[in-house]
Amino acid sequence: MGVRYIGAEVQRMEDPRLITGHGRYVDDITMQGMLHAAFLRASQAHAKIRSIDTSRAAALPGVHRVFTLADFAPEYQKPMNQLYPAPVIEQNKTQYPLAKDEVCYVGEAVAVVVADSRAIAEDALALIDVDYETLPAVVNIMTALEDGAPLAHADTSSNLMGRMRSKFGDIDDAFAKADHVFSADFMQHRGGCHSMETRGVIARDDPWGEGLSLWTSAQSPYLIRRALATWLGEPEERVRVVAPDVGGGFGPKAGFYPEEIVIPLVARALGRPVKWIEDRREHFVATTTQRDQHWHLEVACTSEGKMLGLRGTVTHENGAYIPYGILLPNSSLMPLPGAYSIPAVDVGVDIVFTNTVPNSPVRGAGRPCGIYAVERMVQTVSRELGIPPEEVRRRNYVRPDQMPYKTGATLRGGAPLVYDSGDYEALLDKALDLADFAAFKERQAAARKEGRYLGIGISSCIEDTGMGPYEGTTVRVESSGKVAVRTGAASQGQGHHTMIAMIVAENLGVSPEDILFESADTGKFPHGVGTIGSRVAANVGPSAFDASTKVREKALRLAAEVLEASEADLDIENGVVRVNGAPDLSVTLGELAVKLSPASALRVPEGFDPLLEATSYDGSSGSPIACGSNVAEVEVDPGTGEVRVLRYSVAHDCGVMINPMIVHGQIVGGVIHGIGNALFERMIYDDQGQPLTTNYGEYLLPLASEMPRVDVTHMETPSPLNSLGVKGAGEGGTIPAAPAVVAAIENALEEFNVVIDYYPVDPQYLCELIDKGAAQAAE
Amino acid sequence: MQLNNSFTVPADPATAWNILLDVPRIAPCMPGAELTEVVGDRAYKGNAKLRVGPVSLTFSGEAEITEIDEAARTAKVRARGNDTKGRGGAEAEVVFKLSEDGGASRVDITTELNLSGSVAQYGRASGLVDAIAGQIISDFAKNLEAEIGADATPAAGGDADTLAATESASEPAAAAPKQDAPKSDNSISGIRLFFRALWAMIRGK
Amino acid sequence: MADTRDIEVTVNGQRHSATVETRTSLGDFLRQGLGMTGTHMGCEHGVCGACTVLLDGEAVRSCLMLAVQANGHEVTTIEGLADADGTLSPLQKAFWENYGLQCGFCTPGMLTSLTAFLKENPDPSEREVREAISGNICRCTGYQGIVDAALSAAKTMREV
Amino acid sequence: MKSAPFTYHDPGTVDEAIALLGQHEDAKLLAGGQSLMPMLNMRFVVPDHVVDLNGVAGLAGITDTGDALEIGAMTRQRDLMRDAAVGAKAPIIPEALEFVGHFQTRNRGTIGGSLCHLDPAAEQPCLMAVYDAVLTVQGPDGTREVPFAEWPLAYMIPSIGPDELLTKVRVPNWAAGHGYGFAEFARRHGDFAIVSAAALLEVSGGTISRAAIAIGGADVRPIRLEEAEAALVGQAANAESFKAAGEMARKIDAISDAYVSSAYRQRLAATMVERALAKAGSRAGGSA
């Protein structure tokens, strides 16, 4: 075996060009004759469009054309496709690529201007006159299902998009035999993705040549290709979708957007490449986000704090349309009952239309919400029964001897959710050690003497990762000896190039620098799924391993013939196949590649096909379940309500780590995203559906100055579900962060009896709770 | 968002009622407002200029008196307008109710105001609409009082050098000493409004 | 008719003459006018910091300056941080070694900001580094790798 | 998010700048650009003309006149923070400027720009309020002086005409060794304050002989806490008197917006005033 890379902290292959300014993001691409587009977006949350007059805009010098839906061919005046059909969707509302006669959220695309420059296109937007008839808007999910509530769509009779339920075990029995039943109500508000690169699309149509090409800042180019081809009624082979360097994704870039239809259509109509780059204000109103979710839960438990059942209802905000099916509500329910062996669950969710931007997964999708809900109930049991929170967890964890553990829930594909491996209690101990939990009470007491309020909070989570079906890889040795590796998986900063190069390099006996990596181009690799749900390492990892194994075997088989040696005596190192014990006998991988595809008139070696290449779609046979326990230590300033996270400790298990440095970065970045959700990020709409938070002075992304250092430790429990033993790591930092932070705040403010029922926990809200608690204590 | 304001007209209800329904006559009393066209029996077109801090807006739109109840002395006005530079719009339904108040007339105004577009999408400045509305109503009332008193048409827009009022009603912006007030660039900083509906700059709750 | 001006700007040591529309931001001019796409526009309202460049050595937001205002000045972008022979600056090297980036979109602003900061503060504390980059938003890294990179680069530069 | 087109002017002198303002309707002055440029990019502000002050001679610089600091309107925040005279005579200024945006924006941002933009939550107007600074405004008919108390006319509207220019501010010196303290609560480093407080104290023998307190962010313009200032004079500079002053701050008028209620602003005002005074008290060496 050559050099070991798997498990090593290899510096990223992506970085040299990115730190010298030579990345290639969509907006960095220019083309001959390229024009620029800007969208007119609905200023009303809900309105009928009486008329649109584009004549003044079209007359502006520099404007090539202005399009509304009516300017498209009749076959294109139809709504977008539903990519995730599901029986529970009772009202299937997808939007038109440009609004037809009704707008249902502020930001919905109404018209598009194509001009010589973006600035001119924006000048023209102000000259388009839309005559709206304002309709009542629905914004608040808590009243959206009431009789007489305004309707999000004029032609519907209810705002209920659909209902679903996670139900298993004997819930009635669980509650009948419980010593205690406790309940909690809480609102969860998660914000947007806010990748630092906004979305962007370039389309070029070459009907007599390469067909329609799309460069888009996306997580799922293959999904876009299929959706676009299907919508257009054209062959997928004539549509090429490329995701070049992408400046962050975090969920919302995994969808299929109106702009990805409109820009190709207008590029085709004008016969010129057209670029649209979303600006930051558009990002606030036109890129899908997560928003409100309300939970009412009851937990049945014994006097010892053993949880027997969970039941309740969830109200989930869907936004105006359904671009992601029921993905988000589903992934909110699926993680129940978290890291705990709770035998019975019965939780239903009402999915509600509102006149706000459509909702989508954001890092972790619904999992952070589901885990937050479970962890809230653990905290509730702890508080009500006076059992320390870590102890309640110990009494309820799924134990290693229960693995594989079927929760009773089902995954999106219908398969049962099975926890494959892990030791949750050991992981908690590691987290507590890292956090110096044992000495916290002393720290807290010392601080209290100085008038400071410290608190500590724990959370534990599981995460289903690596969902199928596949993410393939092709490995091909070139005549130069370099190794071309291609996959469909798009990267938005996760370091796929490095990770895959490490696997292939180790397996094939080449240097990672000799690997030519290309990904996320439907013209170069036939099929892919997308970079979502912490699935890439657990799918591309095995396929890269498998493909490179096949190439290695082929190379060794051929080398054995060439070198007249036994395969068992061969090894590959640094691209050269050598015979053990006979160092002079060698052949390079490049030479072997040439032998397989020789010049004309020569023969391909018998028993071989002509390429030193293999493709694999090997992946994971189920969802590897990653897990983590986090400990947050916070200080609350009762004078202002400000919360500072002083210390944050993570014990995480994502199976075998291919590159621990990359895993570490994913965890730390994920935690900070989660802390942002817990404390800062809030997207406010007014009661008419006008978004009030539309700039970065008001939408509070976490900054370096407020964020703590995150300490991370790992366990590596290999997953039995794939060849490398890996589990996903991309969202494991985010999922448990909010419950840990919220529990820590409550702990810090115990003397005020603060119980938090909303996040993000802003300081004003916290001051209200503190003042209320202080007043009660004074009575 | 709903706004509630009131003012007093120094005239008996019957007189005040007729004045109030005489839109061409009272429009110039509204700070920033300019009536450009009478388009129907009770429908009007016009512009309203408003400056809030560094943002100068001109709303262009129309208003119509949609209901008149002579007996109850109640009138309903619908108005809507859009900023001429594409920064958003305002739409309002305004109910005026006139009642006797110690020989004079009290006008109670209830406004359902909807702002849209970028003018509506700035959370930090939300909460100021009420204060601005209060200021404009107070300036309007003052101008109207002068109008009724003089029984002559005042200079267009009054000469109220009103700046986008965001002061609380008890401490009006106009209290700034006159001699220190800058020369007003009428096209921009003089705040004239058409109908209440169109003051619309900043955001409400 | 568009209002334009002729300007002369030195970017990364090289002089450029151009005619710019006066409303064009410095960032857009660098990217579209000069084709130097290393500078990224993240928010165009001065908060995210991705577009930060050095103007006569001081870090500024290139979205909050007009190109015409750079007339006669020197601008350094991410493309100009390495030596002419391609040798990475100690800060760039430290970003690579400390995993100071993931998607790379905020990186130009981080590198330019920290280049200016470390020149004035050769021996910063972690707190000071965190405050220095508080005007640069990163959504991927959680900032830790960036902070470590800055501290490591400072140490390297002090030892040179 | 590209600015609408405008005609750009770059005068070299104050007179040229004023002349340009007189000639053109709807002209905007461009100082450091850290507030105007975002509003241009977002098209909240759509002027026909932009008059750039960055090339105007004589608008930047700091002069110590003995009884006051005279600060040119185009003096950049960075230069104020680095200036030795400001550090010695008015140390609250660099302390407060740490809270203004980020170092990259302070490299461009100017004091005059901030005073004319007049965001109620901005730090520099709050500083001018605590100092009773005097602003010099120049127009076609010459110059006039405006005490800061009369500068804000309304929300983000200063007392300046369309053809006038703010040229400098005069910040009167306090006694050597005076106490100073700036406290601010914002959600994140560099954000606009939700509430800030600036306090200046002169203390002799443990007793307060002079006090000034300004609060930013709470109302539509910075406000002075005159009642508390008067109450403090003659009192011991200690935690008790500072707390009492804070309680007076709780009664101020405060605005509410989509994020924060007036009640919370009042609560913060109490905390910030108390904290600013505590800092000022400790620096004045007032006996506790």
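The values are calculated or read from the model by the stated rules, or taken from the named source; none is laboratory data. Every value quoted in this text rests on a predicted model; they were computed, and no experiment measured them. Cβ atoms come from the backbone with ideal geometry, glycine included; neighbour counts cover every protein chain shown. The accessibility values were calculated without ligands, DNA or RNA, using every heavy atom of the protein model including side chains. Shrake-Rupley method; radii C 1.70, N 1.55, O 1.52, S 1.80 Å.
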Checklist line | Per-residue HN-Hα couplings for the stretch B:22-39 [Karplus 6.51, -1.76, 1.60; θ = phi - 60°; Hz; x = Gly/Pro] | finding: 8, 4, x, 7, 8, 3, x, 6, 7, x, x, 8, 9, 8, 9, 7, 9, 9
Next item on the list: Go from 0 up to the bin containing the longest alpha carbon distance in the stretch D:145-192, width 5 Å each, and give me the % of pairs per bin.
Entry: 4, 12, 15, 15, 18, 20, 12, 3, 0
Margin query: Can you tell me which of D:Gly32, D:Gly112, D:Gly142 moves the most in a GNM of chain D? Springs connect C-alpha atoms under 10 Å apart.
Written below: D:Gly142
Notebook entry, point to check: With every protein chain left in place, what is the accessible area of B:Glu112 in Å² (1.4 Å probe, nearest 10)?
Noted result: 80 Å²
Next item on the list: Rounded to whole Hz and in sequence order, give me ³J(HN,Hα) for the stretch A:263-273 from the Karplus expression 6.51 cos²θ - 1.76 cosθ + 1.60, θ = phi - 60°, writing x for Gly and Pro.
Entry: 5, x, 5, 6, 5, 5, 5, 8, x, 9, x
Checklist line | Solvent accessible area, Å² - D:Phe192, 1.4 Å probe, full protein context | finding: 90 Å²
Check: What accessible area, summed over both chains, is buried at the A-D interface (1.4 Å probe, Å², nearest 100)?
Finding: 2400 Å²
Check: Of D:Asn41, D:Asn173, D:Asn54, which is the most mobile in a GNM of chain D whose springs link Cα atoms less than 10 angstrom apart?
Finding: D:Asn41
Notebook entry, point to check: Using 1/(1 + (r/R0)^6) with R0 = 30 angstrom and r between the beta carbons of A:Arg24 and C:Lys119, what's the FRET efficiency to the nearest 0.05?
Noted result: 0.50
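Leaving ligands, DNA and RNA out of it, report the carbon-plus-sulfur percent of the accessible area of the stretch B:12-83 at a 1.4 Å probe.
Numbers: 1250 of 3020 Å².
Whole-percent figure for carbon plus sulfur exposure: 41.
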Checklist line | Rounded accessible area per residue of the stretch D:79-163, 1.4 Å, Å² | finding: 27 Å²
Check: Over the Cα atoms of the stretch D:111-204, Rg to Rh with Kirkwood Rh, two decimal places?
Finding: 1.01
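Using Stokes-Einstein with the Kirkwood hydrodynamic radius over Cα pairs, what translational diffusion coefficient do you get for the stretch A:464-567 at 20 °C and a viscosity of 1.002 mPa s, in µm²/s rounded to a whole number? Mind dumping the intermediate values first?
On the way: Rh = 14.1 Å.
Approximately 152 µm²/s, per Stokes-Einstein.
In µm²/s, what is D for the stretch A:487-527 at 10 °C and 1.306 mPa s, where D = kT/(6 pi eta Rh) by Stokes-Einstein and Rh is the Kirkwood radius from Cα pairs?
148 µm²/s
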Check: With each pseudo-label sitting 7 Å past Cα toward Cβ, what's the A:Glu553-D:Ala244 distance in nm, one decimal?
Finding: 8.9 nm
Next item on the list: For peptide C:120-132, compute the average count of partner chain beta-carbon atoms within 10 Å of each residue's beta-carbon.
Entry: 2
Check: How far is the Cα center of the stretch D:59-129 from the Cα center of the stretch A:295-349, in Å?
Finding: 54 Å
Note to self: What distance in nm separates the two pseudo spin-label positions at D:Thr13 and A:Asp147, each 7 Å out from Cα along the beta-carbon direction?
What the structure shows: 7.9 nm
Margin query: Do any residues of the stretch A:465-506 show a loss of at least 30 square angstrom of accessible area between the isolated chain and the full protein assembly, using a 1.4 Å probe, and if so which?
Written below: A:Gly493
Margin query: Using only protein heavy atoms and a 1.4 Å probe, how much accessible area in total is buried between B and D, to the nearest 100 Å²?
Written below: 2700 Å²
Check: If A:Ser341, A:Ser480 are ordered by their accessible area, calculated over protein heavy atoms with a 1.4 Å probe, which sequence runs from highest to lowest?
Finding: A:Ser480, A:Ser341
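Which percent, nearest 5, of DSSP beta bridges in chain A are antiparallel?
Working: 103 of 134 bridges.
Roughly 75 percent of the beta bridges in chain A run antiparallel, per DSSP.
Given the stretch A:212-331, report the % of alpha carbon pairs whose separation exceeds 16 Å. Don't jump to the answer; show the numbers that get you there.
On the way: 5025 of 7140 pairs.
Cα-Cα pairs in the stretch A:212-331 separated by more than 16 Å: 70 percent.
Over the stretch C:15-159, with every protein chain in place, what whole percent of the accessible area is carbon and sulfur at 1.4 Å, could you tell me?
Numbers: 2010 of 4400 Å².
Carbon-and-sulfur percentage of accessible area, whole number: 46.
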Checklist line | Relative compactness, the stretch A:13-100, computed as alpha-carbon Rg over 2.2 N^0.38 Å | finding: 1.61
Note to self: Ranking request for peptides C:40-49, D:74-83: highest mean number of other beta-carbon atoms within 10 Å first, then the rest in descending order.
What the structure shows: C:40-49, D:74-83
Notebook entry, point to check: Tell me, which residues of the stretch D:59-106 get at least 40 Å² less accessible area when the other protein chains come in, versus the chain alone (1.4 Å probe)?
Noted result: D:Arg82, D:His102, D:Phe103, D:Gln104
Check: Cα-Cα pairs above 22 Å in the stretch A:638-779: how many percent?
Finding: 51 percent
Check: Roughly speaking, to the nearest percent, how much of chain A's 1.4 Å accessible area is carbon and sulfur?
Finding: 50 percent
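Can you give the accessible area buried between chains A and B, summed over both chains, with a 1.4 Å probe, in Å² to the nearest 100?
On the way: alone 28690 and 9950 Å², together 37320 Å².
Separately minus together, A and B give about 1300 Å² buried.
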Check: For A:Gly641, what is the net charge nearby, where nearby means another residue's Cβ is under 10 Å from its Cβ and Lys, Arg count +1, Asp, Glu -1?
Finding: -4
Note to self: Taking the Kirkwood radius as the inverse of the mean 1/r across Cα pairs, report the Rg/Rh of the protein assembly as shown.
What the structure shows: 0.98
Checklist line | Calculated over the stretch A:536-680: convex hull of Cα atoms, volume per residue (Å³) | finding: 181 Å³
Check: How many times 2.2 N^0.38 Å is the alpha carbon radius of gyration of chain D?
Finding: 1.01
Notebook entry, point to check: Please report, for the Cα atoms of chain A, the Rg to one decimal and the Dmax as a whole number; what are they, in angstrom?
Noted result: 27.7, 99
Notebook entry, point to check: Once the principal axes of the Cα atoms of the stretch D:1-143 are found, what is the range along each, listed largest first in whole angstroms?
Noted result: 44, 36, 23
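Which values, in whole Å and largest first, are the semi-axes of the equivalent ellipsoid of the stretch A:671-713 obtained as the square root of 5 times each eigenvalue of the Cα gyration tensor?
On the way: eigenvalues 149, 22, 6 Å².
One finds semi-axes of 27, 11, 5 Å for the stretch A:671-713.
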Next item on the list: Give me the accessible area per residue for the stretch A:137-185, probe 1.4 Å, as a whole number in Å².
Entry: 53 Å²
Margin query: Can you give me the C-alpha center-to-center distance between the stretch A:189-234 and the stretch A:154-172, rounded to a whole angstrom?
Written below: 32 Å
Item checked: Whole-Å distance, taken between Cα centres, linking the stretch A:708-722 and the stretch A:422-501 -> 6 Å
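Using packing as a proxy for protection, rank B:37-49, A:485-497 so that the peptide with the highest average count of other Cβ atoms within 10 Å comes first. Walk me through the numbers before you get to the answer.
On the way: B:37-49: 16.9, A:485-497: 26.8.
In descending order of packing, they fall as A:485-497, B:37-49.
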Notebook entry, point to check: What is the calculated FRET efficiency for A:Met715 to A:Leu160, with r their C-beta to C-beta distance and R₀ = 41 Å, to the nearest 0.05?
Noted result: 0.45
Item checked: Shielded residues, the stretch A:107-137 - accessible-area loss of 30 Å² or more between chain alone and all protein chains, probe 1.4 Å -> A:Ala119, A:Glu122, A:Asp123, A:Ala126, A:Thr134
Note to self: I need the P(r) histogram for the stretch D:145-288: all alpha carbon pairs, bin width 5 Å from 0 out to the longest distance, whole percents.
What the structure shows: 2, 10, 19, 20, 17, 15, 11, 5, 1, 0, 0
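At a Förster distance of 60 Å, what's the computed FRET efficiency of A:Thr302 paired with A:Ser566, Cβ-Cβ distance as r, to 0.05? If you can, show how the numbers build up before the last one.
Values: r = 65 Å, r/R0 = 1.08.
Efficiency, rounded to the nearest 0.05: 0.40.
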Next item on the list: Just add up the charged neighbours of A:Gly62: K/R +1, D/E -1, any other residue whose Cβ is under 12 Å from the Cβ of A:Gly62.
Entry: -2
Notebook entry, point to check: If we restrict to alpha carbons, what Rg and Dmax does the stretch A:279-360 come to, in Å?
Noted result: 16.1, 55
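In square angstrom, what is the accessible area per residue of the stretch B:59-131 with a 1.4 angstrom probe?
Numbers: 2840 Å² over 73 residues.
On a per-residue basis, 39 Å².
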